[in-house]
Amino acid sequence: METKIFTPAEIPAAAAVINQENLVAFPTETVYGLGADATNVAAVEKVYAAKGRPSDNPLIVHVADQATVRQYAKEITPAVQKLMDTFWPGPLTIILPLKKDALAPQVTGGLQTAAFRNPNQEATLDLIRTAGVPLVGPSANTSGKPSPTLAEHVYHDLNGKIAGILDAGPTDFGVESTVIDMSTDHPAILRPGAVTRSELETVIGPVEDQLHHVNQAEVPKAPGMKYTHYSPAADVQIVDPELDWGTVIAWCRQQDAQIGILAPEMTVKRYKWPRNVVTYSLGTNVQSASHLLFAGLRTFDLDDSFATILVQGFATTGLGEAYMNRLNKAAGQHHFGDTATN
Ligand code: TXA
Ligand code: MG
């Protein structure tokens, strides 16, 4: 099967593919998702097969409006209503308790809750409305690869495995949505993302951290957290914000192998880089860095000549929390200067 690229003008054809139980990847403001009819078990099963994703890892249900959420959720509390009114459409995924058997166990991973998200992407909202069903949508990468921020990334990973890709250009944020658990009395962030903790707390008051939230007696709250993510084959190392790039460059000079560097524009321009180094600009700030992180990692990962990728770290405040969460996963917590090798 050759994967077909749909333009936003071809949404009716893309929706027809969804209605025929097949997969169409779609853009969102965060990353591209792998879309299937959330109400059709056969279609949902194809998502796991195409991604090579473990089937106990539940999927996000993408909706075009709040009314669809009300159809499935057991209760919309005032706090949940405030979150939807403030942040939707936008990069916030909300976990809610479900009415009995409202969604298939293939969607929820067998949990009594489900993740809902109303993406801020006109083409995709149009796709959902035209198909007439909510769409499940994990990130449209092969499991273990960085999430796709361009249709080309999706094509690279999934060509021949899915029916189509709706191409609406690059995504905005580049890191996935914030996941907040609203299924208990204690709101908790399960995954930091484009909506920051302080933005959430302004609207609903204190929000717990997933790590503090899960105690011994509980099932892990975000099943996805236990899987490895975003791991290029190269050795990825974080360059801490306080570290001087001059030290890094001195180390690079002593290496024979090719080194990829993801750093802010200013850093890229300031230095004369050794010949074995290829630089990739992360732009001017943590916003642009989040937007470009996955694309940059992919650039070096596609070319196996890079043994090491060094990436600028940022302070973990605001959007920096989501950026560092993804970078830590890609780097397996490896910081430049941590080991005897550098
Ligand atoms: O920005 C995004 O959220 C992207 C775009 C495509 O919408 N989607 C995305 O989906 O990142 P995925 O499947 O890669 O990540 C969903 C996360 C996983 O960690 C999953 O375990 C968690 O949400 N999740 C889904 N349903 C859940 C539930 N009922 N309870 C707890 N965690 C849940
Ligand atoms: Mg993912």
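General observations
- Residues of the stretch 137-146 that are buried (at least 24 other Cβ atoms within 10 Å of the Cβ) and within 8 Å of ligand 1 (Cβ to nearest atom): G137, S139, A140.
- Leading residue by the ranking (nearest to T142 (Cα to Cα)) among those in the stretch 76-109 that are over 17 Å from the mean Cα position of the chain (by Cα), hydrophobic (A, V, I, L, M, F, W, C) and assigned to a strand (DSSP E or B): L96
- Residue within the stretch 161-170 that is within 13 Å of ligand 1 (Cβ to nearest atom), at pLDDT 95 or above and under 22 Å from V236 (Cβ atoms) present: no
- Test: residue in the stretch 120-135 that is assigned to a loop (DSSP other than H, G, I, E, B), within 11 Å of ligand 1 (Cβ to nearest atom) and closer than 25 Å to K100 by Cβ: no
- Residue satisfying all of: in the stretch 201-252; within 16 Å of ligand 1 (Cβ to nearest atom), in contact with a Pro (Cβ under 8 Å, 6 or more places away or on another chain) and farther than 25 Å from G110 by Cβ; modelled with the highest pLDDT among these: V207
- Residue in the stretch 35-56 that is under 30 Å from P206 (Cβ atoms) and under 22 Å from the mean Cα position of the chain (by Cα) present: no
- Flag if A131 is of a type in the set (G, A, S) and touching a strand residue (DSSP E or B) at 6+ places or on another chain (Cβ under 6 Å): no
- Scan of the stretch 236-261 for residues that are in a loop (DSSP other than H, G, I, E, B) and within 22 Å of A315 (Cα to Cα), ordered by number: D240, P241, E242, L243, D244
- Taken over the stretch 16-31, the criterion of being of a type outside the set (F, W, Y) and either crowded, with 19+ Cβ neighbours inside 10 Å or under 15 Å from K51 (Cα atoms) (or both) is satisfied by V17, I18, N22, L23, V24, A25, P27, T28, T30, V31.
- Test: G332 is within 26 Å of D157 (Cα to Cα) and under 19 Å from the mean Cα position of the chain (by Cα): yes
- Which listed residue is out of contact with any helix residue (DSSP H, G or I) (no Cβ under 6 Å at 6 or more places or on another chain) and within 16 Å of ligand 2 (Cβ to nearest atom), from V31, V80, V69: V31
- In the stretch 155-200, counting only strands (runs of 3 or more DSSP E) that sit wholly within it, none holds 3 or more residues that are in contact with a Cys (Cβ under 7 Å, 6 or more places away or on another chain) and among the aliphatic types (A, V, I, L, M).
- Leading residue by the ranking (surrounded by the fewest Cβ atoms within 10 Å (Cβ to Cβ)) among those in the stretch 87-121 that are more than 16 Å from ligand 2 (Cβ to nearest atom) and closer than 30 Å to L302 by Cβ: N120
- Verdict on V31 being more than 19 Å from V175 (Cα to Cα) and in the same structural domain as L125 (by TED's automatic domain parsing): no
- Where a residue in the stretch 141-166 is touching a residue at least 60 places away in the same chain (Cβ under 8 Å) and among the aliphatic types (A, V, I, L, M) and its partner, wherever it lies, is in a loop (DSSP other than H, G, I, E, B) and buried (at least 24 other Cβ atoms within 10 Å of the Cβ), with Cβ under 6 Å and at least six apart: V154/Y32; V154/A140; V154/P148; I162/L23; A163/L23
- The stretch 45-75 - residue that is in a helix (DSSP H, G or I) and within 12 Å of ligand 1 (Cβ to nearest atom) and, of those, nearest to H153 (Cα to Cα): K51
- Listed by position, the helices (runs of 4 or more DSSP H) contained in the stretch 262-342 that have at least 1 residues being basic (K, R) and without any contact (Cβ under 8 Å) to a residue 24 or more places away in the chain are 265-270.
The values are calculated or read from the model by the stated rules, or taken from the named source; none is laboratory data. Small disclaimer: the values here were computed from a predicted structure and weren't measured. Positions of Cβ are backbone-derived with ideal geometry, glycine not excepted, and every protein chain shown enters the neighbour counts.
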